[in-house]
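Each remark here refers to the structure printed beneath this line.
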Amino acid sequence: MKNPARPLVLASTSPYRRELLARLGLRFEAASPDVDETPLVGERPAATALRLAQAKARAVAPRHPASLIIGSDQVAEADGRAIGKPRDHAEAVDQLTQLSGRSITFHTAVALLDATTGRCRSRVVGATTRFRSLTPRAIENYLRRDQPYDCAGSIKSEGLGIALVEAIDSDDPSALIGLPLISVVDLLREEGVEVLEAHERAATPRRTIDAPDV
């Protein structure tokens, strides 16, 4: 059953995720999920990303009880260990120095919650990223330019960070930036929202009938 009129909410304050979702041409509202993102003891990085994506969507639901809510989270992994966001410049230098010439995987999870029914659909998309061999000068130049201190692994792939990368392997290129749009479209479709049809309706002017003067 198609349901294109449902309000859509992005449970995120990330400008990267807002910009990505805006590519679909759908009207949506962004809301802060206010979720503790600390991994659980023994939790695998992909499982952390999935749990937090679902938790973010559910955290926003009480404020938007009639909406479809998108939650997303990303956790980087190297050798089975999660790599978080750098706390400062020195930690970013240390992260990129350790990642030089290596491959890591970014696990990006997305959840779509129907706040009315409580049904939550979700997926995790991996993006394996191979870094170039990075010199200390290259690392410093990149960090001064992009200042990627809010990005896992200190890489902002939508900016100069792409120059750090030798290859990316993923089923969804938008996953590395923080929101796997192919999966978002699939999940919306499962909830009855056809993105292209909804976009077409939004772009089609409404027919109006002039009312008689009174």
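The values are calculated or read from the model by the stated rules, or taken from the named source; none is laboratory data. Nothing here was measured: the structure is a model prediction, and the numbers come from that model. Backbone-built Cβ (ideal geometry, glycine too); neighbour counts: all protein chains shown.
For the stretch 176-194, name all the residues that are touching a Phe, Trp or Tyr at 6+ places or on another chain (Cβ under 9 Å) and modelled with pLDDT of 95 or more. Selection gives Leu179 alone.
Among residues belonging to the stretch 43-67 that are in contact (Cβ under 8 Å) with a residue 40 or more places away in the chain and of a type in the set (Gly, Ala, Ser), point out the one that is farthest from Gly126 (Cα to Cα). Restricting to residues being in contact (Cβ under 8 Å) with a residue 40 or more places away in the chain and of a type in the set (Gly, Ala, Ser), the top hit is Ala66. Tally the residues that are in contact with a Lys or Arg (Cβ under 9 Å, 6 or more places away or on another chain) and either in a helix (DSSP H, G or I) or in contact (Cβ under 8 Å) with a residue 24 or more places away in the chain (or both), restricting the search to the stretch 143-183. Adding up the residues that qualify gives 24.
Here is a yes/no grid of residues against (1) crowded, with 19+ Cβ neighbours inside 10 Å; (2) among the β-branched types (Val, Ile, Thr); (3) in contact with a helix residue (DSSP H, G or I) (Cβ under 8 Å, 6 or more places away or on another chain):
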position	(1), (2), (3)
Ala82	no, no, yes
Asp88	no, no, no
Gly101	no, no, no
Leu113	yes, no, yes
Arg119	no, no, no
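What is the residue count in the stretch 90-99 for residues that are out of contact with any helix residue (DSSP H, G or I) (no Cβ under 8 Å at 6 or more places or on another chain) and among the hydrophobic types (A, V, I, L, M, F, W, C)? The number of residues fulfilling the criteria is 1.
Among the residues of the stretch 8-31, the one identified as β-branched (Val, Ile, Thr) and either free of Cβ contacts under 8 Å to residues at least 40 places away in the same chain or surrounded by fewer than 19 Cβ atoms within 10 Å (Cβ to Cβ) (or both) is Thr13.
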